[in-house]
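Taking it in order: structure first as structure tokens, then the write-up.
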Amino acid sequence: QVQLVESGGGLVQPGGSLRLSCVASGSIGSLFAMGWYRQAPGKERELVATITSGGSTNYLLSVKGRFTISRDNAKNTVILQMNSLKPEDTAVYYCKGTSSSRGYWGQGTQVTVSS
């Protein structure tokens, strides 16, 4: 089993920045990829960014150049640095860990971009 706990969400003005953290515990050695997803009200959950155990990254087109995903293996942590935030980035952000058999989700953290 893997447990994921997100933190770092909040309210920020357009153009501002937030840093989301996801700390993993449990059988983390089974995870080959970590990622961030988001779900806005009335919309489907969408992939924002992923990073593999080898460090390869992938981003949603609309966040490329603004968001950066990274991982600190020593601290079992995945970070999503979000810059130049826009109102359309408002959503609940979820951390996901993927093993060969299943995916694990955190509880989510709210990000609101508003003036």
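The values are calculated or read from the model by the stated rules, or taken from the named source; none is laboratory data. In this text, all values refer to a predicted model and were calculated from it rather than measured experimentally. So basically every Cβ, Gly included, is an ideal-geometry build from the backbone, and we count neighbours across all protein chains shown. These area figures cover heavy atoms from the full protein model, side chains too; ligands, DNA and RNA do not enter into them. Shrake-Rupley method; radii C 1.70, N 1.55, O 1.52, S 1.80 Å.
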Checklist entry - What residues of region 87-101 lie in the reach of a label at residue 19, counting those whose backbone N is under 17 Å from a point 7 Å from the Cα along Cα→Cβ? => result none
Item to check | Formal net charge of residues neighbouring residue 103 (Cβ-Cβ distance under 12 Å; K, R +1; D, E -1) | outcome: +3
Checklist entry - Kirkwood hydrodynamic radius for region 55-113: how many Å is it when counted over pairs of different Cα atoms? => result 13.0 Å
Checklist outcome for this item: Heavy-atom accessible area of region 1-86 with neighbours in place, 1.4 angstrom probe: carbon+sulfur share in percent works out to 50 percent
Next on the checklist: Show me, for region 75-85, the HN-Hα J-couplings you get by feeding each phi into the Karplus relation (A = 6.51, B = -1.76, C = 1.60, θ = phi - 60°), rounded to Hz, glycine and proline as x.
Outcome noted: 9, 6, 10, 10, 10, 10, 8, 10, 10, 6, 5
Checklist entry - Gain in length, residue 83 to residue 32, computed as 0.36 nm per residue apart minus the alpha-carbon separation, to one decimal in nm? => result 15.7 nm
Checklist entry - In whole Å, what are the Cα extents of the chain along the three principal axes, biggest one first? => result 41, 26, 22
Checklist entry - Mind checking which lysines have their C-alpha under 19 Å from residue 86, skipping anything on the same chain fewer than 8 residues away? => result 43, 64
Next on the checklist: Below 24 Å, Cα to Cα, which lysines can residue 75 reach? Residues fewer than 8 away in the same chain don't count.
Outcome noted: 96
Item to check | Solvent exposure of the chain as accessible area per residue, Å², 1.4 Å probe | outcome: 52 Å²
Checklist entry - How do 38-44, 11-17, 62-68 rank on mean C-beta neighbours within 10 Å, highest first? => result 62-68, 11-17, 38-44
